[in-house]
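K.L.:
Input: one structure, supplied below.
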Amino acid sequence: MQGMIIAGTHSGCGKTTVTLGILAALKKKGLVVQPFKAGPDFIDTGLHRMACGRTSRNLDLWMCGDDYVQACFQRHAAAADVSVVEGVMGLYDGGTAGLASVLGLSVVLVVDGYGMAESAGAVVEGFRSFGKGAVTIAGVIFNRVASSNHFNRLKEGVKDIPVFGFLPRDLNFEIPHRHLGLITAEEDPLTMENLDRLADTVISSIDIDAMLSLGCRMNGLTIGGDLPDLQTAPQTPPVCRVAVAYDKAFCFYYEDNLDLLREAGAEIIRFSPLVDEAIPEGADVVYIGGGYPEIYAETLSQNRSMLGSIRDWAATSRPIYAECGGMMYLSAGLYDQDSRYFPMAGVFPFRTKMRKGRSRIGYREIILKNDGILGMKGESFRGHEFHYSEIAEDLPDSNIELNYKITDRAGTALPDEGYQYKNTLASYIHLHFGSRPDSAERFIHSMQQER
C-alpha cells in the first residue's frame, strides 16, 4: 500500500494545485489513485474527485479520533494503487503533521518559490528540524518557479532531502474562488482539458516515479479501528429512505456521513431543491446539507412547489435534519450579498443575511439538551462551523427550542444553538457522524420509530 501526504508551508502556497496535478498525473499513468483531505474541507474533496474519478474522504483527527481515521484510510486505500492525502494549512498548523504520524505516511512538502532562491533551503531545513523526527519529509516540490535557472538555484539550497520537481509560475491553471473558498466541483470549475494540461505539466516537471519509490510508503503501521467493508457488505432491503438535497446549491456533505447511513440500513435518495417539485415519494427523512443557497437564492425562492413541500413536511412532524446552508433554506428568508431579500421555506421564523466578512469558523463539540432525531439527551458530537451568514434578528418568541450546548475546540462555551421545531433540527454546524460512529444507527432507529 503506497501513500503520501502533500503538505504546504502555509495556506496559499499551492498545495491544492499540486495535489490536483499529482492526482491527474497518476491517473493518466494508469494508476488507481485514492484521494483524501486532511481536515473538514468540503470543496477540495470535490475537486479531487474531478481530477482522478474517485470519491475523496475527509480525515480529521479532532472530529473523529485516531481509530476511525486509520480505519477509514485503510478501507479506501486498500482498493487503490496509491493514496494521496492533501494537507490543511501549513504542515504544523492544522493537524497535517499529526495525521502523517497516525497514518505512518511520509510528507511531500510544497514550497512557494516566488521571491526566493537558495534561501529556500533554510525554509525546508526548518520544517524538517521542527518535526524532530516525528514527521518524515520525503521530498520537496517548488511552486511558482520562474525558469529552469530559478529552479536550479532553489534546488541547490536544499540539502539531504530530494527535490522532486516544480510547477512553473506561468502555469495556465486557475481554480475560481468565491467567499467560502474555491468554486465547488458541482459547478464544473475545471475543464477536462485544463486538468489534462496540468497532468502533462506534472509529468514533465515532477519526478512522479521518484515520489512513489522514495520513502512514500506506509511505515509498517498496524491500522486500528473497525469499519465494515462497504464493498462486500450484504445487500439487504433498506429500513429507511433518506432524501438528501444535492445540487449546485446544496453539496457540502461528509461522504462518510452518507456511507454510515447506508451502512445502518438507509437508502439515499438525492433530490434538487432547485428544480424538483417536491420531496421524493417514499422518503422517511430529509437531510439538507450546506452549500451556497445565497448564490441560487432567486431560483430557490421561485420554486414555490418545493418550498411548500418542505414546509408541509415539517408542519406534520416528519423529520428534517439541516446544516448551515440547509438551515438558511428552512428560514423565513435570506438576504444575499447585495442585500436582496428572498423568501424561503419558512419552517423557522427567523431570517438570515450574508455578511461582507466571515461570521464564524472553527471546530465545535455539541451536547444534545433533549432527545431528538440525532440521539438522546447528553450525547455528544463533533463538527465544524464555517459561514459568512448570520441570523438577521433575535430569535422571536415562538415554539423553537435550542437543542445544542456548544463548546469550541478549546472547551470554551459558546451560545446554545441547534434550532428545533417539532421534528426539524437545524444548525450552522456540520456534524461528522464519525465522531460518534453509532449515531447513524441511532438516527435510522429514530426514523423507524417516527414512521
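The values are calculated or read from the model by the stated rules, or taken from the named source; none is laboratory data. Everything quoted here is computed from the prediction, not taken from an experiment. FYI the Cβ positions are ideal-geometry reconstructions off the backbone, even for glycines, and counts take in every protein chain you see.
K.L.:
Mind listing whichever residues of the range 368-382 are more than 15 Å from Ile444 (Cβ to Cβ) and under 23 Å from the mean Cα position of the chain (by Cα)?
P.N.:
Scanning the range 368-382 gives Ser380, Phe381, Arg382.
K.L.:
Taking the range 15-44 as the search range and keeping residues that are within 17 Å of Gly3 (Cα to Cα) and among the hydroxyl-bearing types (Ser, Thr, Tyr), which one is modelled with the highest pLDDT?
P.N.:
So, considering only residues that are within 17 Å of Gly3 (Cα to Cα) and among the hydroxyl-bearing types (Ser, Thr, Tyr), the one modelled with the highest pLDDT is Thr19.
K.L.:
If I go through the range 137-159 residue by residue, how many of them are in contact (Cβ under 8 Å) with a residue 60 or more places away in the chain and under 10 Å from Ala120 (Cβ atoms)?
P.N.:
0
K.L.:
Which members of the range 276-301 meet the condition of being at positive phi and part of a loop (DSSP other than H, G, I, E, B)?
P.N.:
Correct list: Gly282 only.
K.L.:
Anything in the range 311-336 that is of a type outside the set (A, V, I, L, M, F, W, C) and either in contact with a Gly (Cβ under 7 Å, 6 or more places away or on another chain) or under 13 Å from Gly291 (Cα atoms) (or both)? List them, or say none.
P.N.:
Arg311, Glu323, Gly325, Gly326, Tyr329, listed by residue number.
K.L.:
Somewhere in the range 268-275, is a residue at negative phi, buried (at least 17 other Cβ atoms within 10 Å of the Cβ) and assigned to a helix (DSSP H, G or I)?
P.N.:
No; the residues of the range 268-275 include none that is at negative phi, buried (at least 17 other Cβ atoms within 10 Å of the Cβ) and assigned to a helix (DSSP H, G or I).
The rows are residues; the columns are (1) in the same structural domain as Asp196 (by TED's automatic domain parsing); (2) farther than 20 Å from Gly94 by Cα; (3) buried (at least 18 other Cβ atoms within 10 Å of the Cβ); (4) in contact (Cβ under 8 Å) with a residue 12 or more places away in the chain.
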residue	(1), (2), (3), (4)
Ala25	yes, yes, yes, yes
Gly30	yes, yes, no, no
Asp41	yes, no, yes, yes
Ala51	yes, yes, yes, yes
Tyr68	yes, no, yes, yes
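K.L.:
For the range 110-162, enumerate the residues that are at positive phi and among the acidic types (Asp, Glu).
P.N.:
Matches in the range 110-162: Asp160 only.
K.L.:
For the range 125-154, give me each residue that is under 20 Å from Gly95 (Cα atoms) and either in contact with a Pro (Cβ under 6 Å, 6 or more places away or on another chain) or not assigned by TED's automatic domain parsing to the domain that holds Ala100 (or both).
P.N.:
Gly139
K.L.:
I would also like to ask the following. Take the conditions over 17 Å from Ala51 (Cβ atoms), modelled with pLDDT of 85 or more, among the small types (Gly, Ala, Ser) and surrounded by fewer than 18 Cβ atoms within 10 Å (Cβ to Cβ) and apply them to Ala210. Does it pass?
P.N.:
Yes: the conditions hold for Ala210.
K.L.:
Sticking with this one: Give me the residue from the range 309-348 that is farther than 23 Å from Met447 by Cα and acidic (Asp, Glu) and, out of that set, farthest from the chain's Cα centre (by Cα).
P.N.:
Once the filter is applied, the top-ranked residue is Asp338.
K.L.:
Can you give me the ranges of the strands (runs of 3 or more DSSP E) entirely in the range 302-385 with at least 3 residues that are over 16 Å from Leu425 (Cα atoms)?
P.N.:
Of the strands (runs of 3 or more DSSP E) lying wholly inside the range 302-385, those with at least 3 residues that are over 16 Å from Leu425 (Cα atoms) span 333-335, 341-343, 351-354, 360-368.
K.L.:
Can you find a residue in the range 34-57 that is acidic (Asp, Glu), farther than 15 Å from Ala100 by Cβ, outside any helix (DSSP H, G or I) and over 17 Å from the mean Cα position of the chain (by Cα)?
P.N.:
There is no residue in the range 34-57 that is acidic (Asp, Glu), farther than 15 Å from Ala100 by Cβ, outside any helix (DSSP H, G or I) and over 17 Å from the mean Cα position of the chain (by Cα).
K.L.:
Hey, among Asn399, Asn423, Asn403, which residue is closer than 24 Å to Val347 by Cα, more than 27 Å from the chain's Cα centre (by Cα) and not basic (Lys, Arg)?
P.N.:
Asn399
K.L.:
Also, quick follow-up: From the list Leu171, Leu227, Leu167, pick out the single residue that is over 30 Å from Ser272 (Cα atoms), in a loop (DSSP other than H, G, I, E, B) and at pLDDT 75 or above.
P.N.:
Leu171
K.L.:
Tell me the residue from Asp41, Asp93, Asp67 that is of a type in the set (Asp, Glu) and under 27 Å from Ser129 (Cβ atoms), please.
P.N.:
Of Asp41, Asp93, Asp67, the one residue that is of a type in the set (Asp, Glu) and under 27 Å from Ser129 (Cβ atoms) is Asp93.
K.L.:
Restricting the first residue to the range 272-297 and requiring it to be closer than 20 Å to Ser339 by Cα and assigned by TED's automatic domain parsing to the domain that holds Glu323, which pairs with a second residue that is of a type in the set (Gly, Ala, Ser) and in a loop (DSSP other than H, G, I, E, B) meet a Cβ separation below 8 Å and a spacing of at least six or different chains?
P.N.:
Note: pairs meeting the criteria are Gly291/Ala249; Tyr292/Ala249; Pro293/Ala249; Ile295/Ala249; Tyr296/Ala249.
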